[in-house]
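First comes the structure, then the notes that go with it.
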Amino acid sequence: MSTKFKLVAAVSVAALALAACGGGGDAGPGATSQGNAAATGAFPVSVEHKYGTTEIKTEPKKVVTLGLSDQEPVLALGVKPVGVVDWFKERPYGNWPWTGELWGDTQPEIVGERDEYNLEKVAALKPDLILAVYSGMKQEQYDTLSKIAPVVAQPKAFPDYAAPWQDQTLHIGKALGKEKEAQALIDGVAKRFADAKAAHPEWAGKTMVVADSFKPGQYSAFAPTDPKAIFMKELGFTLVDEIGELAGQLNVAEFSEERFDLLDADRLVWLMFDQSAWERVKSVPAYQRLGVVSEKRDLFLTYMDPPIGAAMSFNTVLSVPYGIEQVVPLLEAIKN
C-alpha cells in the first residue's frame, strides 16, 4: 500500500481508499455452515506463514484479528472475532453494507490500529487464535503475541498487505479448520465475476484505467497489480501496461496533466472522495480534450456514500461481491 494511500486514509476518517479476481454461486459469502469443525476431524491443523509454521490443536473459540481486513473472511466463515484492529478509524462492525448483518449487535474490542497492537487488550481477551494475514506484522510482534495464543501471520508468498483475497481467505479458512468452506466462498465469488464477464462480451479487449486525484495537479492511475485494477480485469477489461511500467514497485503511477494521455483508454473509472473532486478534474482543459471524456466513456465512483471504492479497496471475500453488484450497472450505462 502506497504512502499516499495511507496519508489520504488518515486525513479522512469517513473515507477509505486499500486483489482480486472474483463472483456468487449457490453458496454466497457469509452462507457457510457454522458446524463444529472439530467434529469433522479438522484439528489439529498446521499453517505455514512468513514467520514459520503454527499448529492449531483445537477449534478456536475466541479469535482476534490483527490484519486490516481479516475480520471479513472470519465473519464469512461463521465466526465473530472478539478483537479487531481499527482500520483508519473505520469501525469494522456494522459500518459496511456487506458485513452489518453478519456482525449484528456484536461490537468487538478494538485492540490496535494498523500494525500497532495493544498487547494488554489482546491478552485480556484470552484468545485461542490470533490472525494477522493482511498485515505488516513484524517478527518481534509475532514472537510476543505467540506467548498469548497461536499466531498465524501473513502468507510468505506475498509482500506485506499484498495477499490476494483468495489467498487471505484460504489462509484463514485453514486456521479455522474450514478450508473447504473457504474454497466454496472463493468459488462463489469467482462465479459472480465469470457471470458478469460472460454477460458483457463487449468489454473483452477494451482498455481500462482506474484513477484517482487526491489534490489539484496530482493524479494517479492504479497499476495492474492493484486490487482495484485487477477487479476491472476480472470483469473482462484489459489493463494498460504502460501504467504498470511507470508505477514500478508501487501500486500507482503518479503523473501531472502533461501525461493525461495515460487516461485516454476505452474506459476510465475515477475513484474519489466526493463530487467536488470529480468536478475539479472535469474542469481541467487538458482533461476535457481527451477522447474518453468527449465520448462520455469516463465514470466517477465514490469511496463512500455509497462505499463502492471502499469495497474494491477493502478487497475481501465479502466486499468484492458488493463491488460487482454496484459497478456492473454503472459500466453498462456507458454505451460508447
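Take the Cα pairs of the range 38-177, get the Kirkwood Rh, then feed it into Stokes-Einstein at 37 °C and 0.692 mPa s and tell me D in µm²/s.
Answer from the Stokes-Einstein relation: 222 µm²/s.
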Exercise for review: Show which lysines lie in cross-link reach of Lys50 when reach means a straight Cα distance below 20 angstrom and same-chain residues fewer than eight apart are skipped.
Suggested key: Lys138, Lys147, Lys156, Lys174
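Express the Stokes-Einstein translational diffusion coefficient of the chain in µm² s⁻¹, to the nearest whole number, given a Kirkwood radius over alpha-carbon pairs, 10 °C and a viscosity of 1.306 mPa s.
Values: Rh = 20.5 Å.
Translational D for this selection: 78 µm²/s.
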Practice item. Using just the helices of the chain, give the 222 nm mean residue ellipticity in deg cm²/dmol: DSSP H runs with n ≥ 4 each add -39,500 (n - 2.57), and the total is spread over all residues, rounded to 500. Key: -9500 deg cm²/dmol
Point to revise | Largest-first principal axis extents, alpha carbons of the range 64-145, Å | key: 36, 24, 20
Practice item. Taking only the C-alpha atoms, wrap a convex hull around the range 208-265 and report its volume per residue in Å³ as a whole number. Key: 69 Å³
**Study point:** Spherically averaged projected area of the range 194-332 from its Cα convex hull (nm²)
**Key:** 7.8 nm²
Check your understanding: If you find the alpha carbon centre of the range 100-124 and of the range 262-316, how far apart are they in angstrom?
Key -> 34 Å
Practice item. Tally the DSSP beta bridges in the range 194-332 and give the antiparallel ones as a percent, rounded to 5. Key: 40 percent
**Study point:** For the range 145-232: rounded, prolate or oblate by the Cα gyration tensor [a/c cutoff 1.5]
**Key:** oblate
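Every number in this text was worked out from the coordinates using simple rules, so none of it is lab data. Every value quoted in this text rests on a predicted model; they were computed, and no experiment measured them.
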